[in-house]
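J.: Before we start, here is the structure in question, set down as structure tokens.
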Amino acid sequence: MNYDQIHSLFKQRYSQSSWKQFLTEAFVKTRLLASPEILTGIDANVASQVQKLGFITLDENGIERQIAVYEVTLAEGIILERNRVGLRNLLRKYWKDIDAAFIVYHLPGVPNWRFTYVSELAGYNPEGDFVKIKTEPKRYTYVLGEGESTRTAAERFTAIANKGSKATLDDVKEAFSVEKLSKAFY
């Protein structure tokens with residue numbers, strides 16, 4: 001997929017079929033479930049339904065890394081533009097034992113949706129200490145959809161898609177570590 005196609009998708013209301021098609025085209029090893037798995041035990045005050053859509057597999061120096069793909073239909077009254085940390089933690093028990101997750105949050109009938117990338121890898125820092133490496137919930141998320149500035153998100157996904165089968169988890173993390181520039185910046 002090229003930048004214009006990705007940018008166009010991100011300017012639209014959320015559609016599961018469009019999102020799944022995008023992931024399949026952007027990532028070489030995407031394994032989406034024919035019937036999404038409905039997750040249980042979710043806080044009904046926050047989400048009316050959560051689905052696991054599948055996995056994306058990336059090769060990192062011979063090690064397979066998996067990114068789980070989830071879709072969250074938010075409960076009435078949840079404000080999409082706020083509560084980033086709360087939304088991120090909604091699925092923590094499901095993605096804590098995998099390498100990373102792509103999570104889409106949406107409300108039916110609302111023109112905007114949120115994409116979040118999360119990761120909590122265990123590994124060694126440059127000093128040789130064993131540490132948990134977490135993504136920052138305020139930096140690895142974008143509000144997309146009608147009327148939103150989607151340029152940065154589209155650029156980031158285009159950079160990953162252009163790497164094709166050579167994309168690694170580090171490439172994904174680096175791509176999403178760039179914050180969207182706001183009018184306040186200028």
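Nothing in this text is a laboratory measurement; each read-out follows from the coordinates by a stated rule. For clarity, every value in this text was computed on a predicted model and none was experimentally measured. We place every Cβ from the backbone using ideal geometry, glycine too, and count neighbours over all the protein chains shown.
J.: Where residues in the stretch 27-55 are of a type in the set (A, V, I, L, M) and in a strand (DSSP E or B), which of them is surrounded by the most Cβ atoms within 10 Å (Cβ to Cβ)?
T.: Only one residue fits best here, namely Val50.
J.: Restricting attention to the stretch 56-65, and to residues there that are surrounded by fewer than 18 Cβ atoms within 10 Å (Cβ to Cβ) and not aliphatic (A, V, I, L, M), which single residue is nearest to Ser165 (Cα to Cα)? Walk me through it before giving the result.
T.: As a first pass, look at the stretch 56-65 and keep what is surrounded by fewer than 18 Cβ atoms within 10 Å (Cβ to Cβ): 57, 59-64.
Next cut, not aliphatic (A, V, I, L, M) only: 57, 59-62, 64.
Numbers: Thr57: 10, Asp59: 8, Glu60: 10, Asn61: 12, Gly62: 12, Glu64: 12 Å.
This residue is Asp59.
J.: Quick test of your reading of the structure: Glu71 fulfils all but one of (1) acidic (Asp, Glu); (2) under 18 Å from Leu144 (Cβ atoms); (3) not in a strand (DSSP E or B). Name the failing condition by number.
T.: Condition (3) is where Glu71 drops out.
J.: Among the residues of the stretch 21-61, which ones are of a type outside the set (A, V, I, L, M) and farther than 23 Å from Lys93 by Cα?
T.: Scanning the stretch 21-61 gives Gln21, Phe22, Thr24, Glu25, Phe27, Lys29, Asp59, Glu60, Asn61.
J.: Being surrounded by 15 or more Cβ atoms within 10 Å (Cβ to Cβ) and farther than 14 Å from Glu155 by Cβ is the filter here, so list the residues in the stretch 3-15 that pass it.
T.: Arg13, Tyr14
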